[in-house]
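What follows is calculated from the coordinates using simple rules that are stated; it is not laboratory data. Computed from a prediction, not measured in an experiment: that's the story for all the values here. Backbone-built Cβ (ideal geometry, glycine too); neighbour counts: all protein chains shown.
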Amino acid sequence: MSSSTEAGLASIATKYNLPRNQAQDGLVMSKIASLLGHLNFIPSPELYQLALDNEALLERPSEPKGPAADYNTEANAQAQAKTAAEQESKNRRAWVRDILPKYDLIDNEANFQMCVDYAGGELTLAKVEFLLANTPKGFKLLFGDERKSLLEQIRERLTDPYGRRMNYHDLETWMKKFSVMSRMELRAKLLEITERQETAGKPVGQIKEELAAIRRQQAEATAGFEDAHGMLWPKLLSTIVLPGTVTAVSTAEHLRSLLRGRNAESTHELKRMVRLYGDQQVNQLLQS
């Protein structure tokens with residue numbers, strides 16, 4: 001054992017009040033190796049804490065065990081994966097169509113996931129109404145009016161000092177019309193303007209390539225992912241488009257940022273990813 005490894009194990013034992021013996025040292029090294037996916041590291045309290053967080057967050061939920069050795073097992077696995085994806089879609093629709101228009105909840109992943117967890121996985125307006133009328137102690141949702149910010153973003157999108165999009169008078173006329181719109185109408189209008197401008201600036205060939213890439217990703221996702229226990233999950237692709245953005249980012253980097261976050265929002269989102277895609281896929285990307 002190198003002096004650096006010895007010093008690292010000693011600092012971990014001191015911080016977490018662990019005994020120093022061969023078995024305990026081996027357990028600490030094993031946890032960190034499982035997190036990193038390799039053995040080339042110097043142990044430290046920070047790495048050990050990440051390993052503990054990873055172990056707790058990615059603990060496998062209760063599910064059928066064993067390989068998918070017959071038709072019924074395989075069919076049940078596929079049905080479970082499909083049901084989870086459909087429920088996620090229903091929850092998103094209820095959030096956008098029913099809940100956000102009625103309440104000034106900030107539209108972020110932490111608010112959404114806290115409401116889903118409180119609702120037992122099936123989000124409805126009635127459940128959120130009950131939650132807000134009977135909010136448990138310590139349960140903190142974030143509220144705020146986004147209309148001002150949305151109006152500013154729309155103005156920025158439409159403003160053109162050269163008058164090619166519209167002149168100053170036309171811009172002010174449109175902004176007066178937008179000023180009486182609801183928050184959800186403004187969100188839809190901003191998305192419409194953004195998509196129209198971004199599409200207009202792309203060559204036809206690029207648009208065709210992007211559509212083809214989307215179709216390939218959809219086909220790959222439909223194929224699913226079978227884990228070591230024979231469970232079939234929706235396929236977790238190498239890139240992901242985060243809520244409120246239009247640019248795909250690395251799924252692995254996104255997962256690592258969630259693991260490093262150590263706050264309510266990142267924890268909720270990481271648990272949601274595990275619930276949707278299974279711990280094996282998530283761990284594979286974390287260790288890639």
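Please compute the net charge surrounding residue 265, taking Lys and Arg as +1 and Asp and Glu as -1 over other residues with Cβ under 15 Å from its Cβ.
0
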Taking 176, 82, 271 and counting other beta carbon atoms within 10 angstrom, the fewest-first order is 176, 82, 271
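With a Förster radius of 41 Å, plug the Cβ-Cβ distance of residue 41 and residue 264 into 1/(1 + (r/R0)^6) and report the FRET value to the nearest 0.05.
Once rounded, the FRET efficiency stands at 0.90.
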Residues of segment 12-28 with amide N under 15 Å of the 7 Å Cα→Cβ point at residue 49:
12-17
Summing +1 for each Lys or Arg and -1 for each Asp or Glu, what net charge is found among the other residues whose Cβ lies under 11 Å from the Cβ of residue 147?
-2
With a 10 Å Cβ neighbour count serving as the proxy for reagent exposure, in which order, fewest first, do 28, 249 appear?
249, 28
Greater than 19 Å apart at Cα, pairs in 148/177; 90/127; 102/177:
102/177
What FRET efficiency comes out for the pair residue 18/residue 135, r = Cβ-Cβ distance, R0 = 45 Å, nearest 0.05?
0.70
Please check which bits of segment 245-288 a label hung off residue 117 would reach, taking the label as a point 7 Å along Cα-to-C-beta and the cut-off as backbone N under 11 Å.
263-272
How do 168, 118, 162 line up, fewest other C-beta atoms within 10 Å first?
162, 168, 118
Counting only residues 5 or more places away or on other chains, whose amide H sits under 5 Å from the amide H of residue 239 once H atoms are built in the peptide plane?
251
